[in-house]
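A short worksheet on the structure shown next.
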Amino acid sequence: MSRIAYVNGQYVRHAEAAVHVEDRGYQFADGVYEVCEVWQGNIVDVPRHLDRLDRSLRELRIDWPMARAAVEFVLHQVVRRNRVRNGLVYIQVTRGVAKRDHFFPPEDVAPSIVVTSRSSNPEAAKALAEQGIAVVSFPENRWPRVDIKTVALLPNVLAKQNAKENGGKEAWYVDSDGFVTEGGSTNAWIVTRDGTVVTRPADSGILRGITRAAVLELIQSEGLTFEERPFSLSEAFEAKEAFVTAATSVVMPVTKVDGKIIGNGHPGTVATRLRELFHTATDLQAV
Ligand code: PDD
């Protein structure tokens with residue numbers, strides 16, 4: 001079965017799917033995106049992802065490429081046509097195709113939309129979660145508007161590549177005050193020695209993760225002690241547990257930061273429990 005992508009109104013073979021060379025996403029990274037998890041034949045938290053897409057588009061003054069309900073329909077179609085049961089669905093909207101010029105294009109230039117979907121291996125993810133991942137810190141060097149989910153991810157690419165080259169699976173950005181902001185493509189969390197779950201508030205320095213929001217609800221319903229405040233790298237070294245969250249990895253335990261073992265070096269009980277319960281706190285749309 002060949003993979004299918006949706007590009008500006010058409011379902012096309014993934015191998016041949018393309019946008020114009022003067023798409024502003026390609027030339028200026030002038031676009032936004034969302035990644036939704038597909039879990040057991042359901043798309044996870046579509047309303048929350050489309051709310052955030054709406055916010056990102058507004059912040060950049062890009063129009064919706066089509067009605068929100070139509071975007072939702074296409075998400076389902078692309079997942080279904082690719083027969084994805086577990087994996088992700090990706091949506092990207094850019095300011096459209098126009099001759100290269102930094103100024104916004106004329107009003108009649110339509111935004112571009114691309115939707116793709118791919119399968120992942122739940123067994124491999126489970127094995128990784130049972131082992132935990134290593135993260136490698138990196139100086140925060142991104143623009144201040146990381147609350148907008150733009151496709152301008154070059155700093156994230158470099159930070160994550162640095163992590164990989166130093167034995168890690170994720171980077172943790174550290175700001176000039178020594179506080180962890182977030183991961184290269186995840187939100188960052190610790191559990192302190194007294195069992196308090198800590199993550200940075202979403203009002204500055206981070207993307208307001210959709211997985212983060214569901215985990216926050218879960219923490220409350222489970223009656224865990226919780227603080228939304230910045231934590232430093234040195235506090236992370238002393239933590240009982242650490243973990244990261246994102247649509248691509250849900251709740252992923254962190255067992256090493258900059259080569260230092262966190263807790264007992266194994267995935268913590270809080271992270272493991274939050275991972276197990278995660279989908280009870282989400283909106284599931286059957287495909
Ligand atoms: N990344 N912070 C950053 C910088 C991210 O790129 C992401 C998501 C998150 C977590 O957000 P959410 O829980 O909504 O997935 C936090 C996506 C998955 C990616 O770029 O692949």
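Structure summary
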quantity	calculated
Heavy-atom accessible surface of the chain: percent carbon and sulfur, 1.4 Å	51 percent
Whole-Å distance, taken between Cα centres, linking region 1-74 and region 189-223	27 Å
Built amide H within the under 5 Å cut-off of residue 137, gap 5+	172, 258
Long-range HN-HN contacts of residue 242 with modeled amide H, under 5 Å	191, 254, 268
Amide H partners (placed H, <5 Å) of residue 184, local residues excluded	171, 173
Contour excess over end-to-end distance, with Cα ends at residue 99 and residue 67 and 0.36 nm allotted per residue	8.9 nm
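The values are calculated or read from the model by the stated rules, or taken from the named source; none is laboratory data. What you see is a predicted model, and the numbers here were worked out from it, not measured in a lab. All accessible areas refer to the heavy atoms of the entire protein, side chains included, with ligands and DNA or RNA removed. Shrake-Rupley method; radii C 1.70, N 1.55, O 1.52, S 1.80 Å.
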